[in-house]
Amino acid sequence: MKIRVSDIKVKNRIRKDLGDLHGLKSSIQNLGLLHPIIIDLDNKLVSGERRLECVKLLGWEYVDVRIVDVRSKKERVLIEAEENNVRLPFTPEEQERAQKLLRRYSHTGILGRLIAWLLDLWEWIWSWLFKN
């Protein structure tokens, strides 16, 4: 569901410092909003203040939201805390793999796509052989 950015009310947040928004703003600008902002039935922000600030900086008039029925102040705090704490960042090895795959899939020509497909096929065969 989309609502006007200006209709979202921000009150009593745990996080006081939004930190550097440059990377998140660039991500939203390039890929769109991957995770909707969470609001309650009264349009009060539950989680996603950094995302909200970025879409404001980008000049968005409307934003995707998910509405939750927050029944208590405790539940509101729990949701905000959970969204910010229960995340598992990539390990250095996973980050390296992501960069490798991004390089692989960045080639646009037919030859680059063929090489990427062959490398994917090789990895699939290798994992199949050694996991079974």
Worksheet item: Before we move on, is D64 touching a Pro at 6+ places or on another chain (Cβ under 9 Å) and over 30 Å from D120 (Cα atoms)?
Response: yes
Worksheet entry | Selection from the stretch 56-80 of residues that are farther than 21 Å from I14 by Cα, surrounded by 14 or more Cβ atoms within 10 Å (Cβ to Cβ) and either of a type in the set (D, E, K, R) or free of Cβ contacts under 8 Å to residues at least 24 places away in the same chain (or both) | D64
Item to complete: Quick one: which residue in I8, I14 is touching a strand residue (DSSP E or B) at 6+ places or on another chain (Cβ under 9 Å) and of a type in the set (A, V, I, L, M, F, W, C)?
Response: I8
Worksheet item: Does E83 fit the bill of being under 20 Å from E49 (Cα atoms), open to solvent by less than 100 Å² (accessible area, probe 1.4 Å) and not assigned by the TED database to the domain that holds I39?
Response: yes
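The values are calculated or read from the model by the stated rules, or taken from the named source; none is laboratory data. The structure presented is a predicted model; accordingly, all values stated were derived computationally and were not measured. Positions of Cβ are backbone-derived with ideal geometry, glycine not excepted, and every protein chain shown enters the neighbour counts. Ligands, DNA and RNA are excluded from the accessible area calculation, which covers all protein heavy atoms including side chains. Shrake-Rupley method; radii C 1.70, N 1.55, O 1.52, S 1.80 Å.
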